[in-house]
Amino acid sequence: MRRWERRGDALSLERAARESVVQSRERGLLRDITRAILARHALADVLDAVAHGASELLGATIGHISLLTEDGRSVRLAAATGPLRARAGEKMPREGSMPGWVIEHGEPLVVDDLTADPRVYTGVNRELGLERGVMVPLRQGDRIVGALGCDNAQGGRRFGSRDVELLERLGEQAALAIESARLLERAEKALKALAQQNLALEQAIRHKGAFLANMSHELRTPLNAIIGFSDLLSSGALGGLDVAQRDGVDTILRNSRHLLGLINDLLDLSKVDAGKLALHLTPADLRDLVAGILRDTSSLVGQRSQRVLTELSGDSLVVKADEVRVRQVLFNLVSNAVKFTPEGGEISIRALRTTAPLPLPADRAGDQAGLAPRDAVWVAVGDTGPGIKPEDMGLLFQEFSQVDVSPSRRHEGTGLGLVLCRRFVELHGGTIGADSVYGHGSTFWFLLPVDGPIRRTPLVAAEPAPILA
């Protein structure tokens with residue numbers, strides 16, 4: 001055998017031996033990292049261990065993991081190492097971000113210049129001095145729930161196919177650990193919620209007993225009579241009225257209708273709690289409902305010199321729903337926006353078609369409801385009012401709770417409007433929430449499934465909604 005052939009064989013053997021050592025080290029490191037991840041139980045600890053594990057496995061400057069938000073419209077940086085750690089918890093849109101691209105396309109992405117590639121946020125990378133990046137989709141079954149990645153500083157090592165393979169293997173184990181931590185977290189929350197619900201149930205039984213003892217048709221019958229005769233007086237059918245008399249009759253009408261509305265809210269809430277409020281499901285076009293609400297509130301908006309901006313998607317906004325109840329939700333949210341927005345302020349109404357994880361009914365009573373991605377319509381009503389303090393956000397959607405409970409409060413109400421909105425939306429299989437920046441306004445939003453609520457039992461015949469006289 002020639003000398004150069006023997007030298008080539010020796011070099012090949014030496015190279016193979018080095019690769020074997022590297023692969024053995026990688027397997028051992030991956031095994032140790034996986035054990036460390038699976039040893040964690042709290043979701044935050046699992047996510048932190050995954051980010052550190054990714055950085056250690058690839059020898060990268062930064063490791064990070066991003067997860068889709070519950071509504072599926074944005075991505076949240078769940079955990080990170082190094083200088084990116086301070087940004088954990090921040091949200092970013094799916095469009096124009098590296099995690100969003102990976103989630104959208106369902107394939108790995110290797111970037112050699114994080115400061116110039118249009119598929120990534122370049123500003124933060126320049127700020128942190130990052131140049132190289134690699135990211136893979138994070139899968140749970142056939143669903144992509146996030147992305148796992150690493151970054152290197154300027155002048156650092158370029159990432160390649162071997163890095164992608166290692167990250168994908170780590171991602172498989174990470175997805176299992178994350179799902180286990182979420183299940184454990186849900187179980188713990190369910191136990192706490194059950195204890196709180198038992199306490200709330202005892203209180204509700206006492207409140208409801210007092211309510212049912214005092215609330216009856218005897219209360220609504222005379223009130224309807226007062227409204228009817230006041231209407232006759234106001235119309236002039238019983239004779240002419242001077243200015244002072246007409247003002248007095250109008251005050252009676254306004255307050256009587258307000259009181260009847262409160263009574264109807266209480267009756268609706270009682271029916272929902274008792275499981276006696278059925279939905280009459282038909283195709284309901286949110287576009288038409290928004291237009292109707294704008295007509296109904298136009299005079300009040302005009303009196304306050306407010307601007308109303310609408311942004312309705314060109315896609316179909318038709319959902320299978322109880323049109324009367326959905327209108328109640330919209331009217332309540334828009335009325336609140338008008339009420340809390342100062343004169344000359346701005347109100348916005350937006351609606352679009354999307355896909356979002358929505359609750360599924362539990363198989364048995366007491367079971368935790370699951371989530372599944374469904375076609376939905378998202379509606380949001382924003383205002384430029386005073387906003388809500390972070391510590392007061394928990395009062396929203398709670399029975400008889402109001403953010404301002406001081407004797408000098410400027411806005412009247414019983415605290416039932418948002419509660420009914422939540423109940424009606426949840427009866428449709430949807431979800432509702434709010435975002436606010438104190439001093440800059442609030443946005444209340446809800447999601448309704450396009451194909452209507454999923455029921456374990458057939459719906460009973462619908463009972464007509466009360467009509468304000």
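The values are calculated or read from the model by the stated rules, or taken from the named source; none is laboratory data. Given the structure is predicted, the values throughout are model-derived calculations rather than measurements. Positions of Cβ are generated from backbone atoms using ideal geometry, with glycine treated the same way; all protein chains shown enter the neighbour counts.
Within the stretch 235-260, track down each residue that is among the small types (Gly, Ala, Ser) and either over 19 Å from Leu416 (Cβ atoms) or free of Cβ contacts under 8 Å to residues at least 12 places away in the same chain (or both).
Ser235, Gly236, Ala237, Gly239, Gly240, Ala244, Gly248
Does Asp45 satisfy the criteria of being modelled with pLDDT under 90, part of a helix (DSSP H, G or I), out of contact with any Ser or Thr (no Cβ under 9 Å at 6 or more places or on another chain) and within 22 Å of Leu184 (Cα to Cα)? Break it down into steps so the answer makes sense when it comes.
Numbers: modelled with pLDDT under 90: yes; part of a helix (DSSP H, G or I): yes; out of contact with any Ser or Thr (no Cβ under 9 Å at 6 or more places or on another chain): yes; within 22 Å of Leu184 (Cα to Cα): yes.
For Asp45, the condition - modelled with pLDDT under 90, part of a helix (DSSP H, G or I), out of contact with any Ser or Thr (no Cβ under 9 Å at 6 or more places or on another chain) and within 22 Å of Leu184 (Cα to Cα) - is met.
Are there any strands (runs of 3 or more DSSP E) wholly within the stretch 83-192 with 2 or more residues that are touching a strand residue (DSSP E or B) at 6+ places or on another chain (Cβ under 9 Å) and modelled with pLDDT under 90, and if so which?
Fully inside the stretch 83-192 and qualifying: 91-93.
Anything in the stretch 116-166 that is out of contact with any Cys (no Cβ under 7 Å at 6 or more places or on another chain), among the aliphatic types (A, V, I, L, M) and either under 18 Å from Thr81 (Cβ atoms) or surrounded by 23 or more Cβ atoms within 10 Å (Cβ to Cβ) (or both)? List them, or say none.
Val120, Val124, Leu128, Leu130, Met135, Val136, Leu138, Ala147, Leu148, Ala153, Leu166
Given the criterion surrounded by 12 or more Cβ atoms within 10 Å (Cβ to Cβ), at pLDDT 90 or above and closer than 27 Å to His428 by Cα, identify the matching residue among Leu371, Leu395, Leu352, Leu360.
Leu352
Restricting to the stretch 60-80, give me the number of residues that are out of contact with any Cys (no Cβ under 9 Å at 6 or more places or on another chain) and not in a strand (DSSP E or B).
5
Go through Val308, Val329 for me and flag whichever is in contact with a Cys (Cβ under 6 Å, 6 or more places away or on another chain) and at pLDDT 90 or above.
Just a single option satisfies the conditions, and that option is Val329.
Would you check which residues across the stretch 297-322 are within 23 Å of Asn264 (Cβ to Cβ) and touching a helix residue (DSSP H, G or I) at 6+ places or on another chain (Cβ under 7 Å) and list them?
Correct list: Thr297, Leu300.
Residues of the stretch 178-205 being more than 29 Å from Ala51 (Cα to Cα) and among the small types (Gly, Ala, Ser), which ones?
Ala193, Ala195, Ala200, Ala204 - these are the residues of the stretch 178-205 that are more than 29 Å from Ala51 (Cα to Cα) and among the small types (Gly, Ala, Ser).
Does the stretch 3-26 contain any residue that is modelled with pLDDT under 90 and surrounded by 13 or more Cβ atoms within 10 Å (Cβ to Cβ)?
Looking through the stretch 3-26, at least one residue is modelled with pLDDT under 90 and surrounded by 13 or more Cβ atoms within 10 Å (Cβ to Cβ).
Take the residues in the stretch 68-91 that are without any contact (Cβ under 8 Å) to a residue 40 or more places away in the chain and in contact with a helix residue (DSSP H, G or I) (Cβ under 7 Å, 6 or more places away or on another chain), then tell me which one is surrounded by the most Cβ atoms within 10 Å (Cβ to Cβ).
Here the answer is Ala80.
How many residues, within the stretch 288-326, are in contact with an Asp or Glu (Cβ under 6 Å, 6 or more places away or on another chain) and surrounded by fewer than 17 Cβ atoms within 10 Å (Cβ to Cβ)?
4
State whether the residues of the stretch 195-217 include one that is surrounded by 14 or more Cβ atoms within 10 Å (Cβ to Cβ), out of contact with any Leu (no Cβ under 9 Å at 6 or more places or on another chain), at pLDDT 85 or above and not in a loop (DSSP other than H, G, I, E, B).
Checked the stretch 195-217: no residue is surrounded by 14 or more Cβ atoms within 10 Å (Cβ to Cβ), out of contact with any Leu (no Cβ under 9 Å at 6 or more places or on another chain), at pLDDT 85 or above and not in a loop (DSSP other than H, G, I, E, B).
Could you count how many residues in the stretch 55-77 are closer than 17 Å to Leu176 by Cβ and modelled with pLDDT under 90?
Number of matching residues: 1.
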